[in-house]
1. Would you mind telling me which numbered condition in (1) surrounded by fewer than 17 Cβ atoms within 10 Å (Cβ to Cβ); (2) on the phi > 0 side of the Ramachandran plot; (3) at pLDDT 95 or above LYS52 fails?
2. Residues in region 63-96 that are out of contact with any Leu (no Cβ under 9 Å at 6 or more places or on another chain) and under 22 Å from ALA119 (Cβ atoms): how many?
3. Taking into account only those residues within region 116-146 that are charged (D, E, K, R) and within 20 Å of GLU4 (Cβ to Cβ), which is least open to solvent (accessible area, probe 1.4 Å)?
4. With the condition kept exactly as written, say whether any residue in region 136-148 is hydrophobic (A, V, I, L, M, F, W, C), at pLDDT below 95 and in contact with a helix residue (DSSP H, G or I) (Cβ under 9 Å, 6 or more places away or on another chain).
5. So, ARG112, is that one open to solvent by 20 Å² or more (accessible area, probe 1.4 Å), over 23 Å from ASP67 (Cβ atoms), at pLDDT 95 or above and in contact with a strand residue (DSSP E or B) (Cβ under 6 Å, 6 or more places away or on another chain) or not?
6. Sort out which residues of region 87-137 are without any contact (Cβ under 8 Å) to a residue 60 or more places away in the chain and among the acidic types (Asp, Glu), and write them in order of number.
7. Which residues, taken from region 6-21, are open to solvent by less than 30 Å² (accessible area, probe 1.4 Å) and either in a loop (DSSP other than H, G, I, E, B) or touching a helix residue (DSSP H, G or I) at 6+ places or on another chain (Cβ under 8 Å) (or both)?
Amino acid sequence: MGEEGLFAFLDQLGIAHSTKRHQPVFTVAESVALRDEIPGGHTKNLFVKDRKDRYFLLTVEEHAVVDLKTVHTLIGASGKVSFGKPEALMALLGVVPGSVTAFGVINDREKRVTLVLDADLMAEEIVNCHPLRNDATTSIASRDLIRFAEATGHAPLVLKVTA
């Protein structure tokens, strides 16, 4: 599913959202200029897998630090995690590197990815995520991000996973 399908799904759920178009951004550093234009918490997403090929999407505040050597103990992974391959990212979440987003769980029809939302990020009233592409930012209420994930069949874990 692409951006239009995502927006239709949000509308169907009655979730208010707004989207701002911008130049494609691939890193947190590139997206810093948008902060003055788009209020709320901005995200960084880490697509990781454990040794049993269980996948996790960690969505945290853009400047947060995640210790990949220990995060497995917090999220219930089997052993240390490593970054998932781009092919798995596309197959499971329907996005390419640089466009990773919590909204990607809409494409995980087999429920293979565990969405982990950092508690500090979820303390923000508004959360900003790519709408399945990196040339726009979609803003929704943090509580609605949880509603969205649950409506896709993903019960997100809201945990403190950052240092």
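1. Tallying (1) surrounded by fewer than 17 Cβ atoms within 10 Å (Cβ to Cβ); (2) on the phi > 0 side of the Ramachandran plot; (3) at pLDDT 95 or above, LYS52 fails exactly one: (2).
2. 8
3. Taking region 116-146 first, the residues charged (D, E, K, R) are 118, 120, 124-125, 133, 135, 143-144.
In the following step, the residues that additionally are within 20 Å of GLU4 (Cβ to Cβ) were identified as 133, 135, 144.
Details: ARG133: 92, ASP135: 37, ASP144: 17 Å².
Among those residues, the one meeting the criterion is ASP144.
4. First pass over region 136-148, keeping only residues hydrophobic (A, V, I, L, M, F, W, C): 136, 140-141, 145-146, 148.
In the following step, the residues that additionally are at pLDDT below 95 were identified as 136.
Now narrow it down to the ones that are in contact with a helix residue (DSSP H, G or I) (Cβ under 9 Å, 6 or more places away or on another chain): 136.
Yes, some residue in region 136-148 is hydrophobic (A, V, I, L, M, F, W, C), at pLDDT below 95 and in contact with a helix residue (DSSP H, G or I) (Cβ under 9 Å, 6 or more places away or on another chain).
5. Working: open to solvent by 20 Å² or more (accessible area, probe 1.4 Å): yes; over 23 Å from ASP67 (Cβ atoms): yes; at pLDDT 95 or above: yes; in contact with a strand residue (DSSP E or B) (Cβ under 6 Å, 6 or more places away or on another chain): yes.
Yes.
6. GLU87, ASP108, GLU110 - these are the residues of region 87-137 that are without any contact (Cβ under 8 Å) to a residue 60 or more places away in the chain and among the acidic types (Asp, Glu).
7. Initial filter on region 6-21 (open to solvent by less than 30 Å² (accessible area, probe 1.4 Å)): 6-7, 10, 15.
Of everything in region 6-21, those that are open to solvent by less than 30 Å² (accessible area, probe 1.4 Å) and either in a loop (DSSP other than H, G, I, E, B) or touching a helix residue (DSSP H, G or I) at 6+ places or on another chain (Cβ under 8 Å) (or both) turn out to be LEU6, LEU10, ILE15.
The values are calculated or read from the model by the stated rules, or taken from the named source; none is laboratory data. Given the structure is predicted, the values throughout are model-derived calculations rather than measurements. Note that we place each Cβ from the backbone using ideal geometry, even for glycine, and neighbour counts take in every protein chain shown. These area figures cover heavy atoms from the full protein model, side chains too; ligands, DNA and RNA do not enter into them. Shrake-Rupley method; radii C 1.70, N 1.55, O 1.52, S 1.80 Å.
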